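These notes concern the structure reproduced below.
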Amino acid sequence: VSVPVAPRDDVAMMDGYHSPQVDVEVRLNTNESPLPPSPEFVAAVAAAVGDVRWHRYPDRLARALRARLAALHGVDPSQVFVANGSNEVLQTLSLTYAGPGRSVALFEPTYAMHSQIARVTGATVAEGRRGEDLAIDLDEVARVVSSARPAITYLCSPNNPTGIAETPETVRAVLAMVAEVGGLLVVDEAYSQFAPWSALELVADDVPLVVTRTYSKTWSMAAARLGYLLGPSWLVAELDKVVLPYHLDALKQAAGLIALDYVEDMERRVSILTEERGRVDAALRELPCEVWPSAANFILFRPVGVDADAVWQALVDRSVLVRNCSGWPGLSGCLRVTIGTRDEDDRFLTALREVLP
Ligand SMILES: Cc1ncc(COP(=O)(O)O)c(C=O)c1O
């Protein structure tokens, strides 16, 4: 007889993370870069495969990679933590600073993994709401932070899925409230290279703030699963105790280092996508859609007068996949489209014109 073994009660209640990977020709649903990294990068990684000492564990602290990232951002190597995607960075933060008996504050609608990771690590989610315009409302932050006294408070800038980048004033104001209750502010900057300002300039050993970054978007390396954070060295030392030993394989460490030789390529991709975003934004505004201005590589929009689920399906039927956000808190009727290549975006816009009334 085979009986299913019961998971933790709270895990049994969870939905899990849903981002359907449908087989289509035009994938504009996960905010990846539509442009691959340069052939020179790929050749350098291929050469690095031969240098890996495959029979040995990798450098546990990824010292070379941390040192290069520290130099890139003008911080000390002891202020850098690296993991398998920024999701693992966030998970390690939550395991270290949140967990059972502690709470994690966030302001919906925002990146779904912030609440998912909090719950998986056993923390309570203190859910605040963004304002009518989907911007951070400081009164709401004050209400949530003073009542929940969260161990971790999340901001996401630019925010997924709204595209809004927070101002320095907002981040500083939230940081002051969080510090007041002895908490940690995590600013998720997965899309930071598209934004006018970064919270990185606030990172220091006497400030309870971390900034998380990823190789998955602007670095065109989603397949590699690599992300990092910049924050106080005392915090990084705690994370190093919690993360699994040798979590970052040797080839990934090498690829992360090699990528940093191609900063200009990355910046060129960002400017191509920013220009393309302007074109898609303008085209969407000519259609019966409500459109939110974006400081990232995606655009949130709400088709007017039609059911969003039906629009999503009709786009899939035309082999175009976007993200259906209509079930997310505060986003009924909304879809999110990642900026692709010009051809991909034209496929999306043509399909959308056919589908909308
Ligand atoms: C805001 C935000 N943070 C983190 C991630 C995850 O990034 P990674 O691939 O580094 O785990 C994403 C991916 O979509 C994201 O949108």
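The values are calculated or read from the model by the stated rules, or taken from the named source; none is laboratory data. Keep in mind the model is a prediction, meaning the values are calculated, not measured. Note that we place each Cβ from the backbone using ideal geometry, even for glycine, and neighbour counts take in every protein chain shown. These accessible areas exclude ligands, DNA and RNA; they are computed on the full protein's heavy atoms, side chains included. Shrake-Rupley method; radii C 1.70, N 1.55, O 1.52, S 1.80 Å.
Residues whose amide H lies under 5 Å from that of THR124, counting only those 5 or more places away or on a different chain, are GLY101, ARG102, SER103, VAL104; hydrogens are built 1.01 Å from N in the peptide plane. Taking the centroid of alpha carbons for each part, the range 302-357 and the range 147-183 are 30 Å apart. Each Lys and Arg contributes +1 and each Asp and Glu -1, all at the Cβ; summed about the Cα centre of the range 82-142, the dipole is approximately 360 debye. What you get for the chain, charging only the Cβ of Lys and Arg (+1) and of Asp and Glu (-1), is a dipole of about 780 debye around the Cα centre. Only helices enter this figure: runs of n ≥ 4 DSSP H residues, each worth -39500 (n - 2.57), summed and divided by the residues of the chain, yield -12000 deg cm²/dmol at 222 nm to the nearest 500.
Estimated translational diffusion coefficient (Stokes-Einstein, Kirkwood radius over Cα pairs, 20 °C, 1.002 mPa s) of the chain: 100 µm² per second. When the alpha carbon gyration tensor of the range 155-247 is reduced to an equivalent ellipsoid, the three semi-axes, largest first, read 21, 20, 10 Å. Expressed to the nearest 5 percent, the antiparallel share of DSSP beta bridges inside the chain is 45 percent. Which one of PRO36, TYR57, VAL82 has its Cα pushed farthest toward the positive end of the charge dipole of the range 31-86, where Lys and Arg give +1 and Asp and Glu give -1 at the Cβ? Among PRO36, TYR57, VAL82, the one farthest towards the positive end of the dipole of the range 31-86 is TYR57. Taking max minus min of the alpha-carbon positions on each principal axis, the range 1-133 gives extents of 55, 47, 43 Å, largest first. A dipole drawn for the chain from +1 and -1 charges on Cβ atoms has a positive end, and of ALA204, LEU244, ALA123 the residue lying farthest that way is LEU244. Take every pair of alpha-carbon atoms less than 8 Å apart whose residues are at least six positions apart; their mean separation over the length of the range 40-167 yields a relative contact order of 20 percent. In a simple Cβ point-charge model (Lys, Arg +1; Asp, Glu -1; nothing else charged), the range 245-322 has a dipole of about 40 debye relative to its Cα centre.
Residues in the chain average 45 Å² of solvent-accessible surface per residue, probe 1.4 Å, ligands and nucleic acids excluded. Across the range 256-320, the relative contact order, built from alpha-carbon pairs under 8 Å that are at least six residues apart, equals 20 percent.
Calculated translational diffusion coefficient of the range 102-152 (10 °C, 1.306 mPa s; Stokes-Einstein with Kirkwood radius over alpha-carbon pairs) equals 144 µm²/s. Under conditions of 10 °C and 1.306 mPa s, the range 242-327 yields 97 µm² s⁻¹ as its translational diffusion coefficient, taking Rh as the Kirkwood radius over Cα pairs in the Stokes-Einstein equation. Considering only alpha-carbon pairs that sit under 8 angstrom and 6 or more positions apart, the relative contact order computed for the chain is 22 percent. Semi-axes of the equivalent ellipsoid of the range 61-139 are 28, 17, 10 Å, computed as sqrt(5λ) over the eigenvalues of the C-alpha gyration tensor in descending order.
By accessible area, using a 1.4 Å probe on protein heavy atoms only, the range 237-357 has 52% of its surface on carbon and sulfur. When chymotrypsin sites (Phe, Trp or Tyr not before Pro) are flagged only if DSSP places them in a loop and at most 15 other Cβ atoms lie within 10 Å, the longest unflagged stretch of the chain comes out as 55-196.
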